[in-house]
Each structure stands twice: as structure tokens, then as C-alpha cells.
Amino acid sequence: MAHVRFIIPNLPTNTPDGVLFLTGDHRKWGDDPEGWTFVRSGQAAVLEADLPGGALLGVKVCMLHDGKSIEEGDAWGGRTPAHKAVVHGDMEIQLQLEGWQDVRQGRGWPSASAPPREEMMLAAPWGEQKVRLWWPDTDSVYFAHESGQRRFLHSMPGTRFSPSRSARISRCFQHLSIGVRMNRPRGLCRC
């Protein structure tokens, strides 16, 4: 068994009062804090545990507050992926928490700073799909599919949607089973 020290260096400012505990693959995502509680020290918290060497961990921090278990989340109250680690000997694992899941369920994400520069309809087997295009004053072009999936294409400033660029865009959306048609004169879409 390896001695693992889980450290939360800074608890989120919206951390409620309650019992902080660790859950994850190693405990079948149980929400009973017994044996897995953190000891708070100011804005930090520490948990000492013994785990088998070589264990592949997926862990999350939870809070038992008013009899209910609250899972760590993003800064906007939405879900976050588990922290991943491999136990190899005695070690420390830093857990950076952004916030807690709450009634906002991630809907508090900031809106786009600007409206899309262009929208287009793409043919798909299940019907046309609207795709919105943003390109900030950087080297990236951002595509957002209505399903929420996001893809980034990188280019040098001042490049244009050439035939080769259109092919790259088509490949980007290939996994969605939709095609991209860029039938517009060269030079109209700068990024």
C-alpha cells in the first residue's frame, strides 16, 4: 500500500459549511464520508489515505451539507471531470477546485463576448445543422456546433478560406457526419 496525501490548496470562496470528503473509482463513487474526510486548515484541506500501488484513480471532492452530498463543480455551478492520477509509491496529489455544483447547473457560463461573425447551414443525415463561426483577433478560428461540441482550427493571421482550408474544415466536422461547403468567393472570410 502507498501513502497518498490529497491536498486542496485553496477551497472555492463559495464553499459551504460541512464535511469535505473524497469519492471516486476506488470507493465506487460512494457518498458516505466515513474514512475519507478531509481535515480543514483555513482555506486548505488535507486527506491522508493508503491506496494500492498502481491504482488508477478518478476522484472528486464532495461536501456533506445539510444532509445532502454536493459534488465539486466548475465556477458556474456545472459538472467537472474527475481528477485523474496513478498511485506510484508515497505521493501527494493536488486537487484544484473551481466551485461546487449548484442549481445553476453550469448555465452561468459567460456568453460570447461578440455575436458570431458568420452562420451557415450544413447538410446532415438528420437534417440541416446551424454552425456559428467566431474568429477572434488571434490565430484561431472557433466553430460551435449546435450540440455544444467545439473545434478550433489554427492559422496564421490574414489567411483566407482557400480550397485547402475548406477541406480542413470538412475534416474537422467529419466525426459529426456533416459536411462543410464553403462556396463563397475567396477573400470574404478572413481570420
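Laid out as a table, the results:
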item	result
Check on D17, part of a loop (DSSP other than H, G, I, E, B), exposed (fewer than 12 other Cβ atoms within 10 Å of the Cβ) and at negative phi	yes
Members of segment 48-65 that are of a type outside the set (D, E, K, R) and either part of a loop (DSSP other than H, G, I, E, B) or under 24 Å from D102 (Cα atoms) (or both)	P52, G53, G54, A55, G58, V59, V61, C62, M63, L64, H65
Segment 113-148, subset surrounded by fewer than 12 Cβ atoms within 10 Å (Cβ to Cβ) and under 24 Å from G77 (Cβ atoms), residue modelled with the highest pLDDT	S113
Among the candidates P33, P12, residue that is more than 23 Å from the chain's Cα centre (by Cα), at negative phi, surrounded by 13 or more Cβ atoms within 10 Å (Cβ to Cβ) and not in a strand (DSSP E or B)	P33
Segment 66-110 - residue that is in a strand (DSSP E or B) and of a type in the set (K, R) and, of those, farthest from the chain's Cα centre (by Cα)	K68
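The values are calculated or read from the model by the stated rules, or taken from the named source; none is laboratory data. The structure displayed is predicted, hence computed values, not measured ones. Virtual Cβ from ideal backbone geometry, glycine too; neighbours counted across all protein chains shown.
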